[in-house]
Amino acid sequence: MELMKSSINAIINNIETAETYLDEKSIENFMKVINDADNVFVIGAGRSGLVGKAFAMRLMHLGVSTFVVGETISPAINEGDCIIAISGSGETNTIVSAAKTSKNRGAKVLALTSYTESTLGQLADVTLYVQGRTKTEADDKNYLKRQIHGNYTSLTPLGTAFELTSLVFLDGLICSLMNKMGKTEDDLKRRHTVLE
């Protein structure tokens, strides 16, 4: 039970510190690209993909034309569109490849990553930093080094800290988008599924 409480506290602490590294100009640019896009595509691998799907759902509730990459109903990405790529390491092959393809087709690339200097971070038109211990750091086998740097890997295995902080961060972004677009919770409710 103590280990579980410690894990929850480590995750909460990571989320609570998120506001300290928010860059207002980058967030404004991120939202502007979304608002100006004809279509918004969202991509992430594994659990980051689930975070992306949750964000895509909220964008759809806001009335934004949104698609999840990999779904059978996703059309081609074109100039005037944007893709939101979520990758803690910024080096996930499928995510980087999709970002490159999108850029080559004239679409804007928005990135959420823990490594702004990564391949994805460098490709993106706007990169938002989200702190998290990613799988890259988990590969470090030096126990003493991890402890000195405060990387208690068993408390937030693999990309947990990044994924959950990204989820909360993107939900906060939805609130800002709602305000910017003049939408209310009733507007979102009207677009919520009734086929359940």
Among the residues of region 113-121, are any in a helix (DSSP H, G or I), out of contact with any His (no Cβ under 8 Å at 6 or more places or on another chain) and farther than 21 Å from GLU163 by Cβ?
no
With the checklist (1) assigned to a helix (DSSP H, G or I); (2) out of contact with any strand residue (DSSP E or B) (no Cβ under 6 Å at 6 or more places or on another chain) in hand, flag the one item PRO75 doesn't pass.
(1)
Using the structure shown, decide if GLY150 is outside any helix (DSSP H, G or I), modelled with pLDDT under 55 and open to solvent by less than 70 Å² (accessible area, probe 1.4 Å).
yes
Considering region 1-35, residues that are charged (D, E, K, R) and free of Cβ contacts under 8 Å to residues at least 12 places away in the same chain, and then whichever is nearest to THR66 (Cα to Cα), we arrive at LYS32
Region 90-112 - residue that is farther than 20 Å from GLY46 by Cβ and part of a loop (DSSP other than H, G, I, E, B) and, of those, least open to solvent (accessible area, probe 1.4 Å)
ALA107
Take the conditions surrounded by fewer than 18 Cβ atoms within 10 Å (Cβ to Cβ) and either modelled with pLDDT of 95 or more or not in a loop (DSSP other than H, G, I, E, B) (or both) and apply them to ASN14. Does it pass?
no
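The values are calculated or read from the model by the stated rules, or taken from the named source; none is laboratory data. As the structure is a computational prediction, the values presented were derived from the model and not from experiment. When we count neighbours, we look across all protein chains shown, and the Cβ atoms used for this are built from the backbone with ideal geometry, even at glycine. When the accessible area is computed, the model is the full protein with side chains, heavy atoms only, and any ligands, DNA or RNA have been set aside. Shrake-Rupley method; radii C 1.70, N 1.55, O 1.52, S 1.80 Å.
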